[in-house]
C-alpha cells in the first residue's frame, strides 16, 4: 500500500499545485455545455478517490454529492482535506481489502483493481484540468507528476 500511496501522491500533489494557479474568476469555467466546471472537476477528482477507497475499505460503493464551496480557496481546502483523509484511509487497507470482490455499476472486481481504476480515473481528470487551465490562460503549468530530486 505504501508504494501505491506514494505513486498516487505524485499525482495528487500536482493537482494541488495546479489549483493554486486558478483564480476565483475561473472557478465556473467549463469548455462545453454539460462539462464539469473547473472547480467541480477538481472536487470530483478528490471525492471520487475517497469514494473508491471507502468502497474498498467497507466492501460496497456509496455515492455522494460534491461538497459546497464559494471560492477557489474553499476548493483548494476541500481537496487538501480529501487528500489527507484518503492518505489515512489508504494506510488502513490490507490484503483482505485488496482481494475482496466489489460490485460497481454491474461490474465486479477486486479491491486492488478498483484502486488502480481510481488512480487512473484521477489521472484522466487531472489531464482535463490541465487543458482547462491552458484554456483560461495559465501559461506555466507544473509537470504532470512529481519527479524525483535532480542530482
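Obtain the radius of gyration and the Kirkwood radius of the chain from its C-alpha atoms and give Rg over Rh.
Values: Rg = 15.8 Å, Rh = 16.1 Å.
In the chain, Rg relative to Rh is 0.98.
Taking a spot 7 Å from the Cα of residue 145 along the direction of its beta carbon, which residues of the range 101-133 have an amide N less than 20 Å from it?
Zone members listed by number: 112-131.
Give me the number: length gained by fully extending residue 116 to residue 95, i.e. 0.36 nm times residue separation minus the C-alpha to C-alpha distance, one decimal in nm. Kindly include the intermediate steps, with their values, before the conclusion.
Numbers: separation 21, 0.36 × 21 = 7.56 nm, distance 1.44 nm.
This chain segment gains 6.1 nm when fully extended.
Which whole-angstrom value gives the distance between the alpha carbon centres of the range 111-151 and the range 12-40?
So the separation of the two Cα centres works out to 13 Å.
What FRET efficiency, computed as 1/(1 + (r/R0)^6) with R0 = 30 Å and r the Cβ-Cβ distance, is obtained for residue 70 and residue 4, rounded to the nearest 0.05?
Details: r = 34 Å, r/R0 = 1.12.
Working from the Cβ atoms, E equals 0.35.
Can you give the calculated 222 nm mean residue ellipticity of the chain, where each DSSP H run of n ≥ 4 adds -39,500 (n - 2.57) and the sum is split over every residue, rounded to the nearest 500 deg cm²/dmol?
Mean residue ellipticity at 222 nm (helix-derived): -20000 deg cm²/dmol.
Tell me, what are the semi-axes, in whole angstrom and largest first, of the equivalent ellipsoid of the range 99-151 as set by the roots of 5 times the Cα gyration tensor eigenvalues?
Numbers: eigenvalues 202, 61, 3 Å².
Working from the Cα gyration tensor, I get semi-axes of 32, 17, 4 Å.
Just to confirm the number: angle between the C-alpha axis of helix 111-135 and the first principal axis of the chain, 0 to 90 degrees, nearest 10?
0
What is the extension gain from residue 107 to residue 62, computed as 0.36 nm multiplied by their sequence separation minus the C-alpha to C-alpha distance, in nm to one decimal? Let's see the in-between values first.
Values: separation 45, 0.36 × 45 = 16.20 nm, distance 1.46 nm.
14.7 nm is the gain from fully extending residue 107 to residue 62.
For 1, 63, which order do you get if you count the other beta carbons within 10 Å of each Cβ and list the fewest first? Don't skip to the answer; put the middle values down first.
On the way: 1 14, 63 9.
Final ranking by Cβ density, sparse to dense: 63, 1.
Measure off 7 Å from each Cα along the Cα-to-Cβ vector at residue 33 and residue 128, then give the distance between these two points in nanometres to one decimal.
Label at residue 33, label at residue 128, 1.8 nm between them.
Bear in mind that the values in this text are calculations on the coordinates, not laboratory data. This structure is a prediction, so every number in the text was calculated from the model and none was measured. Cβ: placed from backbone, ideal geometry, glycine included. Neighbour counts: every protein chain shown.
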